[in-house]
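The values are calculated or read from the model by the stated rules, or taken from the named source; none is laboratory data. Being a predicted model, the structure only gives us computed values, none of them experimental. All Cβ positions, even for glycine, are placed from backbone atoms using ideal geometry, and neighbour counts span all protein chains on display.
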Amino acid sequence: MLRLLWAFLERDFVEETSYRLSFFMSLFSVIFGAFTFYFLAQLVDARTIPALAEYNTDYFSFVLIGIAFNGYFTVGLNSFSRGLRQAQNTGTLEAMIMTPAPLPGIVVGSAVWGYAYATLRVFVYLLLGVLLGVRFTHANVVGGLVGLALSIMAFASLGIMAAGIITVIKRGDPVTAILTQLATLLGGIYFPITVLPGWLQAISRLLPVTYAVDVMRLALLKGAGWAELRPNLLTLAGFCVVLFPLSLLIFRLAVERARLEGTLTHY
């Protein structure tokens, strides 16, 4: 399995870095984004926002963690369907599926580079944050890593489901579109969900990204211990237990249906 994932990573790395301007412009967008929110945060007095007191931080630190780790959510939703489309366009999808390689390995491998690049972007965000005054002095790194691992699996599950649906419907990507908009508005990425009306907070708590960014802020900014992190970690683990096997089942059924209908390689 590791050799398979490495092969996908190497292939996608060579392809992406061959377009050097696009590669570096994407990294520059991180810099511009961080500075945009840094100056915007100068207008926000953290003392007037009780929700920020939970993390013992200012608005810039709050939003920096949100936009940095939201990258994993974006990758999880988009990488699998993008890899599927690319394989369909190049005519390699059916060939890959017919190989002895396990289907889960092919599915996960299509997103390995996306996660590697998202990790690079996170490091750039955090480095810029430190240079701009964000402090991670008391960070619970182990707790953050556990939360990140659970978050990635939960996000990937949603992305695999989306890829399966695209295999059948061919056009449009309703799952990704809807979840992206919901996460942007309700996921707690840009502002605490406590400022939302109660009924929107209820919807927010149905999204894995809400718990993901919360656990990362508690771990990295506040240095929260395991007792404080446990509710978010258990919720994310619950998402993983339910969504991951379900997503693989949906994807497998979608591939089998498309194969029987002779539309597996159709774009």
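Structure values in brief
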| quantity | calculated |
| --- | --- |
| When residues of the range 172-228 are limited to those that are buried (at least 17 other Cβ atoms within 10 Å of the Cβ) and basic (Lys, Arg), the one farthest from SER151 (Cα to Cα) | LYS222 |
| Residue in the range 216-230 that is closer than 30 Å to ARG135 by Cβ, without any contact (Cβ under 8 Å) to a residue 40 or more places away in the chain and out of contact with any helix residue (DSSP H, G or I) (no Cβ under 9 Å at 6 or more places or on another chain) present | yes |
| Close pairs from the range 250-267: first within 11 Å of MET161 (Cα to Cα), partner modelled with pLDDT under 70, Cβ under 7 Å, at least 6 apart | PHE251/VAL107; ARG252/LEU103 |
| Single condition SER61 does not satisfy, out of (1) at positive phi; (2) modelled with pLDDT of 90 or more | (1) |
| Residue list for the range 228-245, restricted to those being under 18 Å from PHE73 (Cα atoms) and either hydrophobic (A, V, I, L, M, F, W, C) or not in a helix (DSSP H, G or I) (or both) | LEU233, LEU236, ALA237, PHE239, CYS240, VAL241, VAL242, LEU243, PHE244 |
| Per-region count, the range 160-193, residues touching a residue at least 12 places away in the same chain (Cβ under 8 Å) and of a type in the set (S, T, N, Q) | 3 |
| Hey, ILE166 part of a helix (DSSP H, G or I), within 18 Å of SER79 (Cα to Cα) and either touching a Gly at 6+ places or on another chain (Cβ under 7 Å) or not small (Gly, Ala, Ser) (or both) or not | yes |
| Test result for GLY66, more than 22 Å from CYS240 (Cβ to Cβ), at pLDDT 75 or above and either surrounded by fewer than 16 Cβ atoms within 10 Å (Cβ to Cβ) or under 18 Å from the mean Cα position of the chain (by Cα) (or both) | no |
| Some residue of the range 215-227 being among the basic types (Lys, Arg) and part of a loop (DSSP other than H, G, I, E, B) | no |
| Every residue from the range 50-74 that is assigned to a loop (DSSP other than H, G, I, E, B) and under 23 Å from LEU207 (Cα atoms) | GLU54, TYR55 |
| Scope the range 18-49; condition touching a residue at least 40 places away in the same chain (Cβ under 8 Å) and assigned to a loop (DSSP other than H, G, I, E, B); matching residues | ILE49 |
| Tally, over the range 176-203, of residues that are over 25 Å from ILE166 (Cα atoms) and among the polar types (S, T, N, Q) | 2 |
| Flag if LEU158 is within 26 Å of VAL63 (Cβ to Cβ) and not basic (Lys, Arg) | yes |
